[in-house]
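Take a look at the structure set out below.
The values are calculated or read from the model by the stated rules, or taken from the named source; none is laboratory data. All of these numbers come straight from a predicted model, not from anything done at the bench. Please note: Cβ atoms are built from the backbone with ideal geometry, for glycine as well, and neighbour counts cover all protein chains shown.
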Amino acid sequence: AQKITQTQPGMFVQEKEAVTLDCTYDTSDPSYGLFWYKQPSSGEMIFLIYQGSYDQQNATEGRYSLNFQKARKSANLVISASQLGDSAMYFCAMREGGAGTALIFGKGTTLSVSS
Amino acid sequence: DTAVSQTPKYLVTQMGNDKSIKCEQNLGHDTMYWYKQDSKKFLKIMFSYNNKELIINETVPNRFSPKSPDKAHLNLHINSLELGDSAVYFCASSHPRESATGELFFGEGSRLTVL
């Protein structure tokens, strides 16, 4: 079974609109972390946001927020006020156990932002 | 100033050759990783080292051999290269302290093309 599922291969959004990228995960470990990374066409991996399994509040970082629904095992990324520079591949990832454990990545969602 | 640096960035070689990719991090992290990103952009963990000790060795052909001379370096040596080894290889590091998120810091990637 896949540990991280991203069901949207591609998403399209207009500039200044909000967009939600879906991510569901599967783990039986009570301690885990959820991450989102951005990979622009230049290829580097850019860390966006982190949510710990025990965190009570949804994580936010600037225009990024993580909609964490623990019972549903979902960790959707919300990008508000999309910009052209947001066009990229977005990966959801999970760490099972403590820090220092490898991340397991989903297959990614390609986001295209148009003007 | 680069936190995680990989060399070379591009590598084109013939089937059957042996090649190495070097990785260095100056973040003082204890844990380093090698990930492979295939042509479909799927990121898969290959190896993980903590303080020069091998922690994870996923199902990777034994033609791939990681070497960690010290905790700041993790090199990847590949013997008898095959066409299917063509991919982007990412080095990453993280700090396993309990308070840390376990976020991975990635290098820029090394694109290997086997002809």
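Taking the stated definitions as given, is residue B:60 closer than 25 Å to residue A:109 by Cα and either more than 9 Å from chain A (Cβ to nearest Cβ) or of a type in the set (A, V, I, L, M, F, W, C) (or both)?
Numbers: closer than 25 Å to residue A:109 by Cα: no; either more than 9 Å from chain A (Cβ to nearest Cβ) or of a type in the set (A, V, I, L, M, F, W, C) (or both): yes.
So residue B:60 fails the test.
Can you name the residue in segment A:47-72 that is free of Cβ contacts under 8 Å to residues at least 12 places away in the same chain and among the aliphatic types (A, V, I, L, M) and is also farthest from the other protein chains (Cβ to nearest Cβ) among such residues? Explain how you work it out, then say what you get.
Quick first cut of segment A:47-72, residues free of Cβ contacts under 8 Å to residues at least 12 places away in the same chain only: A:56-60, A:62, A:69, A:71.
Of the ones still in play, those that are also among the aliphatic types (A, V, I, L, M) are A:59, A:71.
Details: A:59: 10, A:71: 22 Å.
Applying the filter and picking the extreme gives A:71.
Looking at A:93, A:102, can you tell me which residue is out of contact with any helix residue (DSSP H, G or I) (no Cβ under 8 Å at 6 or more places or on another chain), within 17 Å of residue B:38 (Cα to Cα) and at the interface with chain B (Cβ under 9 Å from one of its Cβ atoms)? Steps first, answer last, please.
Working: A:102 fails: within 17 Å of residue B:38 (Cα to Cα).
After ruling out the rest, the residue left standing is A:93.
Working carefully through the options A:67, A:58, find the one that is out of contact with any helix residue (DSSP H, G or I) (no Cβ under 8 Å at 6 or more places or on another chain), part of a loop (DSSP other than H, G, I, E, B), surrounded by fewer than 19 Cβ atoms within 10 Å (Cβ to Cβ) and not small (Gly, Ala, Ser).
Working: A:67 fails: part of a loop (DSSP other than H, G, I, E, B).
Going through A:67, A:58 in turn, the sole match is A:58.
Which one of these does residue B:49 not meet: (1) modelled with pLDDT under 95; (2) more than 13 Å from chain A (Cβ to nearest Cβ)?
(2)
Of all the strands (runs of 3 or more DSSP E) wholly in segment B:64-115, which have at least 2 residues that are facing another protein chain (nearest Cβ under 8 Å), surrounded by 14 or more Cβ atoms within 10 Å (Cβ to Cβ) and under 14 Å from the mean Cα position of the chain (by Cα)? Steps first, answer last, please.
Numbers: elements: B:64-70, B:73-78, B:87-94, B:110-114.
Answer list for segment B:64-115: B:87-94.
For residue A:32, are the conditions met, namely being touching a residue at least 24 places away in the same chain (Cβ under 8 Å), surrounded by 19 or more Cβ atoms within 10 Å (Cβ to Cβ), within 15 Å of the chain's Cα centre (by Cα) and more than 10 Å from every other protein chain (Cβ to nearest Cβ)? Spell out the reasoning first.
Details: touching a residue at least 24 places away in the same chain (Cβ under 8 Å): yes; surrounded by 19 or more Cβ atoms within 10 Å (Cβ to Cβ): yes; within 15 Å of the chain's Cα centre (by Cα): yes; more than 10 Å from every other protein chain (Cβ to nearest Cβ): no.
So residue A:32 fails the test.
Does at least one position in segment A:73-84 carry a residue that is of a type in the set (Ser, Thr, Tyr), in contact (Cβ under 8 Å) with a residue 24 or more places away in the chain and under 17 Å from residue A:27 (Cβ atoms)?
Here is the first cut: in segment A:73-84, the residues of a type in the set (Ser, Thr, Tyr) are A:74, A:80, A:82.
Keeping just the survivors that are in contact (Cβ under 8 Å) with a residue 24 or more places away in the chain gives A:74, A:80, A:82.
Next, only the ones that are under 17 Å from residue A:27 (Cβ atoms) stay: A:74.
Checked segment A:73-84: at least one residue is of a type in the set (Ser, Thr, Tyr), in contact (Cβ under 8 Å) with a residue 24 or more places away in the chain and under 17 Å from residue A:27 (Cβ atoms).
Looking only at segment A:1-29, count how many residues are assigned to a loop (DSSP other than H, G, I, E, B) and buried (at least 17 other Cβ atoms within 10 Å of the Cβ). Write out each step before concluding.
Start the filter on segment A:1-29 by keeping residues that are assigned to a loop (DSSP other than H, G, I, E, B), which leaves A:1-3, A:6-9, A:15-18, A:22-23, A:26-29.
From the residues that got through so far, the ones that are buried (at least 17 other Cβ atoms within 10 Å of the Cβ) too are A:6, A:22-23, A:27.
The total comes to 4.
Report, by residue number, each residue of segment B:1-59 that is closer than 23 Å to residue A:92 by Cα, of a type in the set (Val, Ile, Thr) and not in a strand (DSSP E or B).
B:59
Which condition breaks for residue A:41 when tested against (1) at pLDDT 95 or above; (2) surrounded by 12 or more Cβ atoms within 10 Å (Cβ to Cβ); (3) within 28 Å of residue B:109 (Cα to Cα)?
Here residue A:41 meets the rest and fails (2).
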